[in-house]
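Asker: So that we are looking at the same thing, I have put the structure below in structure tokens.
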Amino acid sequence: MPTCRRKRVVLTEPSPDLLRAVKTDPKRQVFYLHITGEIFETYEDYAARMSFYRLKQFQCEVTGKSGLDYFQALDSERQEARTLHSRFPEPLKSAVLKAVQWQVVGRLDHLVEAVYDRFKDRYFKGEYVIVDLNGAKYQARVERVYPPKYTDVNVRDNFKESQLATLDKENPHSVGGDLKISLQESIDQDNPERYFYWVKVGEPEKDKGHEKGKSGKNDKDNKLVGSMVEVQSPMMARDRLAFSKSILRRFIRDCVDRDAAVASPWTVKPIIAARYGVDSVMPEDTRKGVEEIKKGEIDKRKKAWEDKEGPPTKKQKKLTAAQEEKGESAMAVAERKEKDARDKAEKQRLAKEEAERLAAEKKKKKPIRYPTEDLDVRLNDKDKKAGVLKLQRPIANRAILPFNEVPGSFESFLMAWNFLVVYGHPLHLSVFSLDEFEQAIRHSVSDLPCALLAEVHSTLVYNLRTVPFVRHSCVVSLLKAKEERDNDNLDDEAPYGVDVPTLVAALADCGNNWERVPLRFSEGRDGWEEAVVGCLKDHAHLGNFPQIREILIKLLFAPEHDEDSMSMASGSRSATPSSGTLKIPASPRDRYYALSPEDRITILSFMCNLAISSKAIHTHMESCEEQLTALRKEKIEVNRLKKQYVEEINNLVEETKGDAGTPNGTGEDVTMQDLSDLSDISEGPTARPKSLGHSKEREAARAKQASIKQAMAERRRLDDEIAKLDKRLEGIERDFRKLLGAVRVKPLGRDRFYNRIWWFDGMGSASLIGSGGQAQYGTGRIFIQGPSEFDLDLLGQREDHETLEERRLEEEGGEGSLNPNEWGVYSEVEEVDELLAWLNPKGQRELAVKNTITRWLPHITAGMKKRIADLTTNAKNTDTRRSARTKTAAVDLSREPYMLWTNRKAINAS
């Protein structure tokens, strides 16, 4: 029966009204729960009970599994019961149940121990056992059992079949299986080792150490298969999956029950008793014995209670009948309290056993195999003292991120830059760094146009000419929104004092031919501001661009105060008043540089999102996919060739090992032998045979030396080839990153708290290494992005989610913890080294991201160092120019790196 909070679930009994209705109103409508057989009078009672059963608070009484609903726990118990009864020997069930019937034993474990000791060496007809015959084990089936009184072979073999048949129906272990006598008495009266068994030998028992070389012995032993053999209990054994203390305990626990009263006997459940022929009516002598045991237990407890309260005084002995009744009620209360205490102790014992079982299962579990789930990995005290890993992640800087003051602006800015750089080839744009793009977005001097802004907007305008659009879609959406507000009697809030009719009138004369304007490179892309307005007028509407109305007002109207225009000309970041009116119609060419950086980013983000669907971008993506496939094939071929060269080098090493140990020694010995030629010749004809032998040895040595030199030359050649292949593999990896970045931009990986780590350099049209081998960079930084809302939901579903915030505070720091989609940046090489020292390779996510960062670390650090050097050089040049200022600020700006950028991929044709 499933348990709830370690108590058995008691089924709901029908109400007395329902029981009466069985006779008076048999057709009465009720609610029936067929799984449990419960009947309810109202739907509310039925629904409440069903809701209770659906709670994940039940436990399987057999396996101990918790966190289940009632029906899952019931199915688990039934499944375990089916498995148990199929494994437990069928002939043994009846004998075990007859032995435990009416036994008065306090604990189930003690009953199991007694039953196991009685039946571990006693076997019954029909049992499947394992027999040991001459050192070989066989599966066998017990056919007949001969008790000790038939140990005489001649007497036993002369029995007739009828007598044997009668004998088989009797219980040969009736004495030994009686738990009323002690174990030693049962052995003295009915020794299990004196029984003889006839078994039918089956297949040999499978041996894990079986080898093919033993096949001859097995063929010889297989002759016993199918024959009848006489054995005794020391030669027999049961399968441990069929009979063991744990299996026996589960079988008895499933088949017997006991009342809660003191000294209650264990009784076999009526249905099971009827099936296995166990007497369900307690014999009179057994009943008297049980009552005596119960009375003795009660007297013992009563005496203990009296000893605790002290002996009665003379005054206490003279009790009236009422006082005696009061005393008896006090005894009843004491017995009830004692019963409650006993039940509590039993619950504590069960809880202790459950804890011990869980602890034992935990010990049996296999050791954790790393890498595993990152949040399951914790640094122990030993690792902390050893200083293997950094305890806290370096704090990512959020203050230096450009345009991070307005939520979402930095992400849009980063996305626009990445799009323009990655798709530089189809957009015909040269590469520029994130710092240059930031300075261009901040450029606000209309008298000194920024070529980078002109090229970026012009190439997007060219691209969006191929994307389908609806003429005047922006005007239509503005007029429709105004009409809806008028129908709802709502006032039209005019941003900056410009209503919809005024804005529509201004749009009528601006950007009408944007899809045919040349925007030539040689002319500085003249007219690109009006083309952008025309592009927005036909592509944007309030649905896909909610800020379109405010931005168009800022592009088409100027403030009426002269000081605003003066501040714009002086180079302020934005000449658009934060609060006020824009009434004077103006040209977008004059007003664009008055836009705030956030408005410019919004425009570029919208145009980039539209350009993704263009045919040029899709064609470029398909081309990149084809090139990626070719690179994969080339990488496989290069690795195959490299493996071949390595094998050839290993073969050369093996060959030269034998040549190194020549009898003549080294090359110096050969030279000494050459110098002794004259002495050999001067000795005359008798020395000629010796001289000829030395000559042959010298020739062999020279040949071996030539062979060694040739092998070394071949080794050097192969090393050079492998170096070339390694260099090509590095180039393939860089090319693969460039092409893959054009198809999909993926982070380097995620840390244990699902923060994403990004590195945007070397993708698309950008390169990590210049033509002269010099390092190049796009961002020159590592970015880290906070977990998404989905990732936070995953964290919240963990069992330890309550302590997860404390762990984040400990391992990320109070300032280092990032909110959903919040960004931070690492700009220094030392910060990246600290990040690598913090990542734990025992976690799956952090092992992957650590390996990826390590693989690209030379390029990451080179880009960081190059960026820092460029910023330092630019700062020095700026300080020099300021100290020796002889020109206007506009001239100084013209020498900034972002102003010196030139689009070398521009197409002059219209």
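Asker: Would you please name the residue that is modelled with the highest pLDDT, looking only at residues in region 102-126 that are farther than 21 Å from Val142 by Cα and touching a Pro at 6+ places or on another chain (Cβ under 8 Å)?
Answerer: Checked region 102-126; the qualifying residue modelled with the highest pLDDT is Gln103.
Asker: Please tell me if Glu831 is closer than 24 Å to Val377 by Cα and modelled with pLDDT under 95.
Answerer: So Glu831 fails the test.
Asker: Name the single residue that is surrounded by the fewest Cβ atoms within 10 Å (Cβ to Cβ) among those in region 8-40 being assigned to a strand (DSSP E or B) and without any contact (Cβ under 8 Å) to a residue 40 or more places away in the chain.
Answerer: For region 8-40, the residue satisfying everything is Tyr32.
Asker: Could you tell me whether Gly511 is under 23 Å from Ile553 (Cβ atoms), out of contact with any strand residue (DSSP E or B) (no Cβ under 7 Å at 6 or more places or on another chain), of a type in the set (Gly, Ala, Ser) and crowded, with 16+ Cβ neighbours inside 10 Å?
Answerer: Taking the combined requirement at face value, the residue satisfies it.
Asker: Going through region 76-105 one residue at a time, which ones are surrounded by fewer than 15 Cβ atoms within 10 Å (Cβ to Cβ) and of a type in the set (Asp, Glu)?
Answerer: Glu90
Asker: Given the conditions (1) modelled with pLDDT of 95 or more; (2) assigned to a helix (DSSP H, G or I); (3) within 30 Å of Asp833 (Cα to Cα), which single one is not true for Val456?
Answerer: Checking Val456 against (1) modelled with pLDDT of 95 or more; (2) assigned to a helix (DSSP H, G or I); (3) within 30 Å of Asp833 (Cα to Cα), the one that fails is (3).
Asker: Quick check: anything in region 148-161 modelled with pLDDT of 80 or more and either surrounded by 14 or more Cβ atoms within 10 Å (Cβ to Cβ) or part of a helix (DSSP H, G or I) (or both)?
Answerer: Looking for residues that are modelled with pLDDT of 80 or more and either surrounded by 14 or more Cβ atoms within 10 Å (Cβ to Cβ) or part of a helix (DSSP H, G or I) (or both), one finds none in region 148-161, hence no.
Asker: Listed residues Ala351, Ala341, Ala332; which is loosely packed, with under 12 Cβ neighbours inside 10 Å and modelled with pLDDT of 80 or more?
Answerer: Ala351
Asker: Another question about this same structure. Pull out all pairs, ordered by first then second residue, where Cβ-Cβ is under 9 Å, the residues are six or more apart or on different chains, the first lies in region 474-496 and is at positive phi, and the second is assigned to a helix (DSSP H, G or I) and surrounded by 14 or more Cβ atoms within 10 Å (Cβ to Cβ).
Answerer: From residues that are at positive phi, the pairs are Tyr496/Glu550; Tyr496/Ile553; Tyr496/Lys554.
Asker: Could you check Arg6 against (1) in contact with a Gly (Cβ under 6 Å, 6 or more places away or on another chain); (2) on the phi > 0 side of the Ramachandran plot and say which number it fails?
Answerer: Looking at each condition in turn, Arg6 falls short on (1).
Asker: Are there helices (runs of 4 or more DSSP H) fully within region 460-546 with at least 2 residues that are under 26 Å from Ser446 (Cα atoms)? List them.
Answerer: 500-508, 528-539
Asker: Sticking with this structure for a sec: For region 514-544, which positions are of a type in the set (Phe, Trp, Tyr) and surrounded by fewer than 22 Cβ atoms within 10 Å (Cβ to Cβ)?
Answerer: Within region 514-544, Phe521 is the sole residue that qualifies.
Asker: Moving on to the next point. Tally up the residues in region 760-788 that are under 16 Å from Arg808 (Cβ atoms) and out of contact with any Gly (no Cβ under 6 Å at 6 or more places or on another chain), please.
Answerer: Residues flagged as under 16 Å from Arg808 (Cβ atoms) and out of contact with any Gly (no Cβ under 6 Å at 6 or more places or on another chain) within region 760-788 amount to 4.
Asker: If you don't mind, there's one more thing I want to ask. Can you pull out the residues in region 243-257 that are surrounded by fewer than 16 Cβ atoms within 10 Å (Cβ to Cβ) and either basic (Lys, Arg) or not in a strand (DSSP E or B) (or both)?
Answerer: Within region 243-257, Ser244, Lys245, Ser246, Arg253 qualify.
The values are calculated or read from the model by the stated rules, or taken from the named source; none is laboratory data. Computed from a predicted model, the values in this text were never measured in an experiment. Glycine gets a Cβ as well: all are built from the backbone with ideal geometry, and neighbour counts include every protein chain shown.
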